[in-house]
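One structure is given below, encoded as structure tokens.
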Amino acid sequence: MNAKNVARQSNFELLRIVAMVMIVAHHLAVHGVQHVLEPNICYAAYTAGSFLNKTFTCFLLPGGEIGVGLFFMTTGYFLCTAKKTSVRKVVFETVFYSVLTSVLFMLALAMSRSAIFEWGGVFIP
């Protein structure tokens, strides 16, 4: 496939966008509606809500699993249909982002004044 003959596959791109919205909606329902309080009383806000709120939240909950599956399948499709794949590029990106996140974590750890990070039950001051 030449660069001139590449046709955009807008149906798959739209499916990826819908999958992203489903994932965000799932996180909104789980972390925004149901778990707004302490873990031992996490469903108190959910049970105190109206029937419409509970129904809407229940429709958003499966979106996370379905959305993640759709997103990974469409991403895999685009990666498999790509003409050139480079192992060197994938390894470089993986190493780059792992080093970047490690450096950012260490900077945040060095700049923190209180024990905000927890690693396996051990607080890091």
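The values are calculated or read from the model by the stated rules, or taken from the named source; none is laboratory data. Bear in mind the structure is a predicted one, so any value in this text is a computation, not a measurement. So basically every Cβ, Gly included, is an ideal-geometry build from the backbone, and we count neighbours across all protein chains shown. Calculation scope for accessible area: heavy atoms of the full protein, side chains included, ligands and nucleic acids excluded. Shrake-Rupley method; radii C 1.70, N 1.55, O 1.52, S 1.80 Å.
Out of everything in region 1-48 that is aromatic (Phe, Trp, Tyr) and either assigned to a helix (DSSP H, G or I) or in contact with an Asp or Glu (Cβ under 7 Å, 6 or more places away or on another chain) (or both), what residue ends up being modelled with the highest pLDDT?
Checking each candidate, the answer is Phe12.
Just one of (1) over 24 Å from Ile17 (Cα atoms); (2) touching a Leu at 6+ places or on another chain (Cβ under 7 Å); (3) modelled with pLDDT of 75 or more trips up Ile124, so point out which.
(3)
Just name the residue that is farthest from Asn11 (Cα to Cα) out of those in region 62-90 that are of a type in the set (A, V, I, L, M, F, W, C) and open to solvent by 80 Å² or more (accessible area, probe 1.4 Å).
Filtering region 62-90 for residues that are of a type in the set (A, V, I, L, M, F, W, C) and open to solvent by 80 Å² or more (accessible area, probe 1.4 Å), the one farthest from Asn11 (Cα to Cα) comes out as Val87.
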